[in-house]
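Okay, so here's the structure we're looking at.
FYI, it's all coordinate maths here, none of it is from the lab. For clarity, every value in this text was computed on a predicted model and none was experimentally measured. No Cβ is skipped: glycine too gets one built from the backbone with ideal geometry, and neighbour counts run over all protein chains shown.
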Amino acid sequence: MLPESVLACPARVLAQAQRVQFFRDGFVRLPGFFAGPAIARLQGALGELIELSRERPGNDEDYTVAPGHAAANPRLVTVRRVQDMHPAFWEFAARSKLADLAADLVGPDVKFREAYINFKRAREGEAVSWHQDFPFFPMTNRAMITALVHLDDVSEDMGPIAVVPGAHRGPVFDHYDGAGVWSGRIAECDEALAGVPRALAQPGPAGTVVIFDSCMVHGSAPNKTARNRPVLIVGYAAADAFAYTATPPSMYSRRTWQIVRGRGAAQAHFEAVPCRVPPDWSKQDYVPPDWPEGSNVLGPKSPTTEMGAQGIRKDKL
């Protein structure tokens with residue numbers, strides 16, 4: 001759905017002014033949107049995943065760990081597919097107000113893309129280079145969003161996500177380097193054009209939600225503090241937005257593209273969004289190896305098939 005059509009639908013959670021702001025600026029921040037039992041349950045589930053990691057000696061399909069990780073000293077960088085690892089995260093992604101927020105911004109019919117946790121470790125968590133999400137996962141239209149949920153208080157010196165207001169209305173930049181190799185980032189020579197100098201960091205207390213457009217230019221600074229910065233990342237798309245490319249193996253889940261609001265699309269909506277096609281994600285990981293969470297660990301085999309009419313992947317392994 002186009003923005004004007006989305007705005008014509010009744011809002012579930014957001015004020016109409018907040019929806020207008022999202023389409024104008026490309027993001028909306030909701031400080032402390034989740035509080036009390038809702039955020040406490042996620043924090044408890046996170047604690048259980050940390051405990052589980054004590055049994056994992058190193059990187060695997062679920063965890064990326066920092067050097068020195070051990071049962072007595074868990075040192076997590078990323079936990080993948082958390083919607084499959086603990087029921088609290090699927091309940092949150094599919095049945096909480098977060099999916100209602102998505103419906104307010106992509107239309108009433110919404111499908112789930114992915115969910116994972118990035119920790120950005122204390123004094124070790126590195127910067128994330130400037131990029132856009134759409135070049136990683138080009139779709140038939142741009143109605144794809146990402147929601148970041150702070151699982152703890154995040155201050156500006158912890159390296160919160162920074163976004164460039166209005167950048168989503170500009171070009172989709174090439175995310176290959178000069179040699180034609182996938183880099184997953186905007187070239188330094190394009191950063192000024194992308195508006196990087198006017199990027200705004202998005203700190204906030206636990207329960208804060210930052211939602212942004214798939215074409216938003218964003219990145220983050222290093223974590224300079226003595227505390228880890230766990231953030232839950234959940235992706236959604238409109239039901240009528242269909243991916244051109246295979247789902248990356250490290251991202252694929254039986255819940256990938258499952259409808260969480262409304263119903264599946266009978267037809268795809270096509271929108272002209274010029275974008276260079278990314279690599280074949282069925283053969284390599286989508287996270288560049290120099291990113292903090294980059295490990296190139298492949299998860300379960302990702303079927304390279306078309307989506308069913310209801311937005312649920314038809315497996316043909």
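Answer yes or no: is there a residue in the stretch 51-63 that is in contact with a helix residue (DSSP H, G or I) (Cβ under 7 Å, 6 or more places away or on another chain) and either hydrophobic (A, V, I, L, M, F, W, C) or surrounded by fewer than 19 Cβ atoms within 10 Å (Cβ to Cβ) (or both).
no
Please specify each residue of the stretch 138-148 satisfying the condition of being closer than 17 Å to Asp104 by Cα and among the aliphatic types (A, V, I, L, M). Full working, then the answer.
Within the stretch 138-148, the subset closer than 17 Å to Asp104 by Cα is 141-148.
Matches in the stretch 138-148: Ala143, Met144, Ile145, Ala147, Leu148.
How many residues, within the stretch 63-93, are under 21 Å from Arg254 (Cβ atoms) and either free of Cβ contacts under 8 Å to residues at least 60 places away in the same chain or not charged (D, E, K, R) (or both)? Before you say what the answer is, go through the steps one by one.
Of all residues in the stretch 63-93, those under 21 Å from Arg254 (Cβ atoms) come to 63, 78-93.
With the extra rule that they be either free of Cβ contacts under 8 Å to residues at least 60 places away in the same chain or not charged (D, E, K, R) (or both), the set shrinks to 63, 78-79, 82-83, 85-93.
Within the stretch 63-93, residues that are under 21 Å from Arg254 (Cβ atoms) and either free of Cβ contacts under 8 Å to residues at least 60 places away in the same chain or not charged (D, E, K, R) (or both) number 14.
How about the stretch 196-211: which of its residues are in contact with an Asp or Glu (Cβ under 7 Å, 6 or more places away or on another chain) and either crowded, with 22+ Cβ neighbours inside 10 Å or aliphatic (A, V, I, L, M) (or both)?
Pass one, the stretch 196-211, residues in contact with an Asp or Glu (Cβ under 7 Å, 6 or more places away or on another chain): 201, 203, 205-206.
Within the stretch 196-211, Ala201, Ala206 qualify.
Between Ser220, Ser214, Ser250, which is of a type in the set (S, T, N, Q), surrounded by 20 or more Cβ atoms within 10 Å (Cβ to Cβ) and within 28 Å of Leu2 (Cβ to Cβ)? Lay out the reasoning, then the answer.
Numbers: Ser220 fails: within 28 Å of Leu2 (Cβ to Cβ); Ser250 fails: within 28 Å of Leu2 (Cβ to Cβ).
So the residue among Ser220, Ser214, Ser250 that is of a type in the set (S, T, N, Q), surrounded by 20 or more Cβ atoms within 10 Å (Cβ to Cβ) and within 28 Å of Leu2 (Cβ to Cβ) is Ser214.
Only residues in the stretch 2-16 that are within 21 Å of Asn141 (Cβ to Cβ) count as the first member; pair them with residues that are surrounded by 13 or more Cβ atoms within 10 Å (Cβ to Cβ) and of a type in the set (Lys, Arg), Cβ under 6 angstrom, at least 6 apart or cross-chain, and list the lot.
From residues that are within 21 Å of Asn141 (Cβ to Cβ), the pairs are Leu7/Arg19.
State the number of residues belonging to the stretch 1-37 that are closer than 23 Å to Leu151 by Cβ, in a helix (DSSP H, G or I) and within 20 Å of the chain's Cα centre (by Cα).
Quick first cut of the stretch 1-37, residues closer than 23 Å to Leu151 by Cβ only: 13-14, 18, 22, 27-37.
With the extra rule that they be in a helix (DSSP H, G or I), the set shrinks to 18, 22, 37.
In the following step, the residues that additionally are within 20 Å of the chain's Cα centre (by Cα) were identified as 22.
Result for the stretch 1-37: 1.
Restricting attention to the stretch 139-168, which residues are closer than 17 Å to Gly207 by Cβ and of a type in the set (Gly, Ala, Ser)?
Matches in the stretch 139-168: Ala147, Ser155.
Please verify whether Glu114 is of a type in the set (Asp, Glu) and out of contact with any strand residue (DSSP E or B) (no Cβ under 9 Å at 6 or more places or on another chain), treating the condition exactly as stated. Walk me through how you get there before you give the answer.
Working: of a type in the set (Asp, Glu): yes; out of contact with any strand residue (DSSP E or B) (no Cβ under 9 Å at 6 or more places or on another chain): no.
Answer is no for this residue.
Six or more apart or on different chains, Cβ atoms under 6 Å: show the pairs whose first residue is in the stretch 170-195 and exposed (fewer than 15 other Cβ atoms within 10 Å of the Cβ) and whose second is not β-branched (Val, Ile, Thr).
Partner pairs satisfying both residue conditions: Asp177/Ser183.
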